[in-house]
Amino acid sequence: DTAVSQTPKYLVTQMGNDKSIKCEQNLGHDTMYWYKQDSKKFLKIMFSYNNKELIINETVPNRFSPKSPDKAHLNLHINSLELGDSAVYFCASSQDLAGAIQETQYFGPGTRLLVL
Amino acid sequence: AQTVTQSQPEMSVQEAETVTLSCTYDTSESDYYLFWYKQPPSRQMILVIRQEAYKQQNATENRFSVNFQKAAKSFSLKISDSQLGDAAMYFCAYRSNNQGGKLIFGQGTELSVKP
């Protein structure tokens, strides 16, 4: 009965490969996010989707492409992986109330990506 | 652009004692939300407490309380009766009512609890 789940939890891959991280929430929320936590544990927003529509894209390289097949899922696809992409990636979700995204964000367990 | 600053990279507290973690932020907005999240070694991000800027009353959640000073743009977290399970990285976060609801995080404070 996990609220926000991510797969896989760990991902080790070679430079240049393409990989995807999946996220699913069963909270009935309208809005989903991707955050990146770097080696110094700093967290930064990457993307946000509201009802399958992209609303935030924070100067992330084009190699990163989020996809939202429905409002319960937000996947992250990364092309041509680079060493600097190594990080922990968190998915989160929140509820959109009357057009204003005001509710608390609930986070998934994170995916640790290591690019060799 | 809004910024969040946590000036204490590390803090330590004795079990059963009280500790306060500092957070300041910069914004020109009047309506926003502030949060404290806890990240234990399991790396799960766990909501500790939230504060709406329009509320003057400080939020409390059991042993956790905040000191919200809107004019000073300060949002500190007080943990009372510290327990070993409180040991974690604590992040202060700001959310505007605009900007798509994104969270802006501080750098984090690593809290250790000594038995």
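The values are calculated or read from the model by the stated rules, or taken from the named source; none is laboratory data. Quick caveat: nothing in here was measured; it's all calculated off a predicted structure. Because the Cβ atoms are built from the backbone with ideal geometry, glycine has one as well, and the counts that use them run over all protein chains shown.
A few remarks follow.
- For A:Glu82, the conditions (1) loosely packed, with under 14 Cβ neighbours inside 10 Å; (2) within 11 Å of chain B (Cβ to nearest Cβ) are fulfilled apart from (2).
- The sole residue among A:Leu54, A:Leu43, A:Leu74 that is surrounded by fewer than 15 Cβ atoms within 10 Å (Cβ to Cβ), among the hydrophobic types (A, V, I, L, M, F, W, C), touching a strand residue (DSSP E or B) at 6+ places or on another chain (Cβ under 8 Å) and within 14 Å of chain B (Cβ to nearest Cβ) is A:Leu54.
- Among the residues listed as A:Tyr35, A:Tyr49, the single one being modelled with pLDDT of 95 or more and closer than 22 Å to B:Ile104 by Cβ: A:Tyr35
- Residue among A:Tyr89, A:Tyr106, A:Tyr33, A:Tyr10 that is of a type in the set (Ser, Thr, Tyr), exposed (fewer than 14 other Cβ atoms within 10 Å of the Cβ) and touching a Ser or Thr at 6+ places or on another chain (Cβ under 8 Å): A:Tyr10
- Screening the range B:1-64 for strands (runs of 3 or more DSSP E) wholly inside it with 3 or more residues that are at pLDDT 95 or above and under 11 Å from B:Cys92 (Cα atoms) returns the ranges B:32-39.
- Filter result (over 11 Å from the mean Cα position of the chain (by Cα) and of a type in the set (Val, Ile, Thr)) within the range B:1-57: B:Thr3, B:Val13, B:Thr18, B:Val19, B:Thr27, B:Ile46
- For the range B:73-115, the strands (runs of 3 or more DSSP E) that sit wholly inside it and include 3 or more residues that are at the interface with chain A (Cβ under 9 Å from one of its Cβ atoms) and in contact with a Phe, Trp or Tyr (Cβ under 6 Å, 6 or more places away or on another chain) are B:88-96.
- Restricting A:Ser80, A:Ser68, A:Ser86, A:Ser93 to residues that are modelled with pLDDT under 95 and either under 25 Å from B:Phe35 (Cα atoms) or over 13 Å from the mean Cα position of the chain (by Cα) (or both) narrows the list to A:Ser93.
- Residue match in the range B:25-42 (condition: β-branched (Val, Ile, Thr) and surrounded by 19 or more Cβ atoms within 10 Å (Cβ to Cβ)): no
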